[in-house]
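Single-structure report; data block below.
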Amino acid sequence: MASTMKKSNLPLSRRRMITSLAALSGAAALPMPAWATGNMGRHGGTAVRKGIHELSGAKIDLHIADGKFATGGRSGHAIAVNGSVPGPLIRLKEGEKSVLSVHNMLDVDSSVHWHGLLLPFQYDGVPGISFPGIKPGARFDVPLTPRQSGTYWWHSHSGLQEQVGHYGPIIIDPAGPDPVQYDREHIILLSEFTPTHPHAIMKKLKVSEGYFSMQKTSATDDYPLSAEQRRMWGRMRMMPTDIADVSAPTYTYLINGHGPEDGLELPFTPGERVRLRIINGSAMTFFNIRLPGLPMTVVQADGQNVQPVEVDELQIGVAETYDVIVTPTEAGAFAIAAESMDRSGMAQAVLTSQPGRKAAFPALRDPPLLSMVDMGHGGMDHEGASDDAPIDHSKMDHAAKGHAMPEAAPADAHSGHDMGAMDMSGGMDMRDTSLLPASVKVGPGIDMVSMTPQDRTGYPGLGLDDVPHRVLNYRLLKSLEMDHHKRPPEREMELHLTGNMERYMWSFDGSKFSEVGDDPIRFGFCERVRVKLVNDTMMAHPVHLHGMFFELVNGQGHHQPKKHTVIVQPGSSATFDLTTDEPGDWAFHCHLLYHMHAGMMQTVSVAFPEEAA
Amino acid sequence: MRLFSATLAATIATTPALAQDHSQMDHDRMDHSPSAAPQTSSPNSLTGPPTAADAVWGVEAMRPSREALYRGHGDMQIFWIQGDRLEYRGRDGGDGYLWDAQSYYGGDINKFWFKSEGEGSFGEPLESAEIQALYSRAIAPFFDLQAGVRQDLTGLDRTHAVIGVQGLMPYMFEVDVAAFLSDKGDLTARIEAEYDQRLTQRLILQPRAEINLSAQDIPELGIGSGIDHLELGLRLRYEIAREFAPYIGVEQEWKLGGGRDFARLAGEDASTTNYVIGVRFWF
């Protein structure tokens, strides 16, 4: 076997990077701002600033401390990094070494995960997988020489700290010329604020299904549901409005730490190509992003350049990033509207050529509803995944050299069926566990099994399949550069995303991380694997793999886009190809924070290469 | 985690020879730069916990963080307490009160479950009161199996063994069905069902039914065999918060069959209408 770990790969000098802050007495004697000396105050402490300021250079210090955040008349505890929420922009250059020093001024352990960055696993920042975590008062140094460029972000991987402000953007400028031409850039970092403690949110989710939703069906709603459809949902013991577990008004949605009432303005000069680096740093929220009147040209997804594609709106899953170019040619103010997927609220900023100029924000649209397709009855798909963005079968077959392909049964087989017709089918089994592979542990943690899960990479996202303008979907993403190293997958895996809405249990293959942490997903070194994710739940899960990019199998052959996070649509599947060329242990999880906390996580263990000498 | 799929399991289980070939190929390619020619991979046949970080940071440093990581991702223990019905009952012949509360502590699958209910009329001794201590285990996506003991606190202070099922039926009916075997050998049962009909996001109409059954006459407790006692209620609550909802309602009680006869003998009404006002809360 090629799979033995090589301690010799790890220089001894790197083995003990955690040092006490107290040891840095010299540094402590220097005048430092309040946030750097831990004097933020634990409760009702110093008000944190709203991001985002930039840090760059060979040494970058991040100080994690408590603070108090306020927006829109509400305030609450926050964890601020260098005194702001979001924390600073870390700006690096491809090929140039920086040392990122993380100082934990909290009275609990903390950590920083560099989301999307390629680096040795021991610096990846997941306590319990990549390192022991950063103790209160301690410092952790991460030497980093970027092997990539693009838009990324960082966040805590300790407890639920990410919910309360412990996140920020990363930009890595390319060593050579940037293929993306732009005159000005802005970060659009989306997140949420709530005065409710994240542990309280978790408990409410556990004990009270639908606690946060104020958009449920009722006797007086005006949802376009027939009585029969309502009975069908009731029979299944599920809710067609179960789209976001936590939403407004519990959440105030933020752009760069600014709530809608904070009036964030981002400047432009007419005629400029403005690059918006959109990062979804939220804990639980998918956003629909648009600038009414300004088309967006998507040029990058998850930090990786893609062939430009022009759209009017896009849905961004938690932890994803998209870079888009907008070119406002005339003076004015444009609304940057980021509507939560369940349409309970909107993050807002204004792209304006004149300070103080207001933009007209679109009203929240009617909340979308789940359909039978989202319950895994994919044959009934009537948004027609097969016709809006056809898979190029010849390309895919070429890439896969005869391996079984993941695309779903032709969607048109049942086209013409509608919800009403399906209701007549009556006793269909929403939980036929005989459809599951033996690798899935069947138990109370699985309340649904997708009967005919479709590959829905052509789906623009819940509620965006019937809007009258152009919306991004995964099949429109083509990597800018051709992948010359592509090998056909040597083996295929199927992983099921499983859950129980009522009990708020979330898992992979029916087993929570707490049950199977000692039995990781294992890969050889440089294996080429095709992984099919099957979503046996009716929620969209943004699944994130640390440490490596995978290529989304979206019909684009040698231009399959590289991503670090993939949305698996409800009741559907998504497939990626992966070259396991980053040895070590990596986290792999649903990036909905409370799903991860409930157990939807696993370790991916990549073997170390054989001694090459 | 288990293996990703049956496919993978089959690959590893049935193809040691193939795996061997792969490692030989790796050796053959050792002369080349590892990043150049496409490498043939070896399935990773290691087992046991992930250890990569141990080699960097030390086993002792990693152990507590790893334990905390697993505990923090799926092993949450929760304490919950609910006053489902805490109410004042206006009725002919003397107003009364009722409580119906439950609480649990535990994880997703195993819980300790506590229940208590009782009622009485003002100015009189407690009419009935009981507590139950149950072990509860999730046996299906929507159902828990519960077993334990029930102690009556009034009347003849009987102790019962309890076995029951609590959960959510299709069409969203909350049900709690339990059988009780008393220390005198009497077998009784109780079926409760509730349904929440949202009128708005906060205003909820809740029909409720309770049926008490007995396998035998228990004259000393005034219980008749068969359907002894039936309650149908309708409560309208307003969720000021999800956790706190005052309500008003009406509940009709009937003693039936042998139970009705016992009630009449005792000079009680076999049928009672209660106009209720109360509060439902949990935290």
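The values are calculated or read from the model by the stated rules, or taken from the named source; none is laboratory data. Treat the numbers as computed from the prediction; the structure is a model and nothing was measured. Don't worry about glycine lacking a Cβ; one is built from the backbone with ideal geometry, like all the others, and counts go over all protein chains shown.
Below are the figures for this structure:
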read-out	value
Search result, residues across region A:356-377 that are surrounded by 19 or more Cβ atoms within 10 Å (Cβ to Cβ), in contact (Cβ under 8 Å) with a residue 40 or more places away in the chain and among the aliphatic types (A, V, I, L, M)	A:Leu369, A:Leu370, A:Met372, A:Val373, A:Met375
Among the residues listed as A:His595, A:His558, the single one being more than 11 Å from every other protein chain (Cβ to nearest Cβ), touching a residue at least 60 places away in the same chain (Cβ under 8 Å) and not hydrophobic (A, V, I, L, M, F, W, C)	A:His558
Residue within region B:104-119 that is surrounded by fewer than 15 Cβ atoms within 10 Å (Cβ to Cβ), more than 24 Å from A:Thr537 (Cβ to Cβ) and of a type in the set (S, T, N, Q) present	no
One residue from A:Gly72, A:Gly57, A:Gly41 being surrounded by fewer than 19 Cβ atoms within 10 Å (Cβ to Cβ), at positive phi and at pLDDT below 50	A:Gly41
Verdict on A:Thr537 being surrounded by 24 or more Cβ atoms within 10 Å (Cβ to Cβ), of a type in the set (Ser, Thr, Tyr) and either within 12 Å of another protein chain (Cβ to nearest Cβ) or over 14 Å from A:Val126 (Cβ atoms) (or both)	yes
Region A:220-261, residues that are acidic (Asp, Glu) and either within 10 Å of chain B (Cβ to nearest Cβ) or in contact with a helix residue (DSSP H, G or I) (Cβ under 8 Å, 6 or more places away or on another chain) (or both)	A:Asp221, A:Glu228, A:Asp245
Sole exception among (1) part of a loop (DSSP other than H, G, I, E, B); (2) more than 19 Å from the chain's Cα centre (by Cα); (3) away from every other protein chain (no Cβ under 14 Å) for A:Arg91, by number	(1)
Test for A:Asp518: is it among the charged types (D, E, K, R) and surrounded by fewer than 22 Cβ atoms within 10 Å (Cβ to Cβ)	yes
Region A:58-83: number of residues that are of a type outside the set (Asp, Glu) and in contact with a Leu (Cβ under 9 Å, 6 or more places away or on another chain)	9
Any hit, region A:81-91, residues being at pLDDT below 95 and either touching a helix residue (DSSP H, G or I) at 6+ places or on another chain (Cβ under 9 Å) or among the hydrophobic types (A, V, I, L, M, F, W, C) (or both)	no
Residue within region B:170-183 that is assigned to a strand (DSSP E or B), farther than 26 Å from B:Pro141 by Cα and among the hydroxyl-bearing types (Ser, Thr, Tyr) present	yes
Condition check for B:Arg66: under 30 Å from A:Ser605 (Cβ atoms) and in contact (Cβ under 8 Å) with a residue 12 or more places away in the chain	yes
Residues being acidic (Asp, Glu) and buried (at least 21 other Cβ atoms within 10 Å of the Cβ) - total across region A:270-314	2
Residues of region A:521-533 satisfying the condition of being of a type in the set (A, V, I, L, M) and at the interface with chain B (Cβ under 10 Å from one of its Cβ atoms)	A:Ile521, A:Val529, A:Val531
Looking only at region B:100-154, and only at residues there that are outside any strand (DSSP E or B) and out of contact with any strand residue (DSSP E or B) (no Cβ under 7 Å at 6 or more places or on another chain), the one that is modelled with the highest pLDDT	B:Gly107
Filtered residue count, region B:105-129, keeping only those that are closer than 30 Å to A:Ser514 by Cβ, away from every other protein chain (no Cβ under 14 Å) and hydrophobic (A, V, I, L, M, F, W, C)	2
Test set (1) surrounded by 24 or more Cβ atoms within 10 Å (Cβ to Cβ); (2) aromatic (Phe, Trp, Tyr); (3) more than 14 Å from chain B (Cβ to nearest Cβ) - A:Phe549 fails condition number	(1)
Qualifying residue in region B:70-93 (condition: more than 14 Å from chain A (Cβ to nearest Cβ), at pLDDT below 95 and surrounded by fewer than 16 Cβ atoms within 10 Å (Cβ to Cβ))	yes
Residue selected from region A:473-520 under the condition under 30 Å from A:Gly150 (Cα atoms) and of a type in the set (A, V, I, L, M), by the criterion farthest from the other protein chains (Cβ to nearest Cβ)	A:Leu476
Near pairs, Cβ below 8 angstrom, 6+ apart or cross-chain, from region A:598-611 (at the interface with chain B (Cβ under 7 Å from one of its Cβ atoms)) to any residue that is acidic (Asp, Glu)	A:Gly599/A:Glu515; A:Gly599/B:Asp75; A:Thr603/A:Asp585; A:Ser605/A:Asp585; A:Glu610/B:Asp26
Residues (in a loop (DSSP other than H, G, I, E, B) and closer than 24 Å to A:Val606 by Cα) located in region A:529-559	A:His546, A:Gly547, A:Met548, A:Phe549, A:Val553
Selection count, region A:228-269, where residues are in a loop (DSSP other than H, G, I, E, B) and farther than 30 Å from A:Ile187 by Cβ	6
Which numbered condition A:Ile188 fails, given (1) within 14 Å of chain B (Cβ to nearest Cβ); (2) touching a strand residue (DSSP E or B) at 6+ places or on another chain (Cβ under 8 Å); (3) surrounded by 15 or more Cβ atoms within 10 Å (Cβ to Cβ); (4) not basic (Lys, Arg)	(1)
Counted residues, region A:339-355 - those being part of a loop (DSSP other than H, G, I, E, B) and either surrounded by 13 or more Cβ atoms within 10 Å (Cβ to Cβ) or in contact with a helix residue (DSSP H, G or I) (Cβ under 9 Å, 6 or more places away or on another chain) (or both)	6
Region A:153-171, residues that are closer than 12 Å to A:Asp323 by Cβ and crowded, with 24+ Cβ neighbours inside 10 Å	A:Pro169
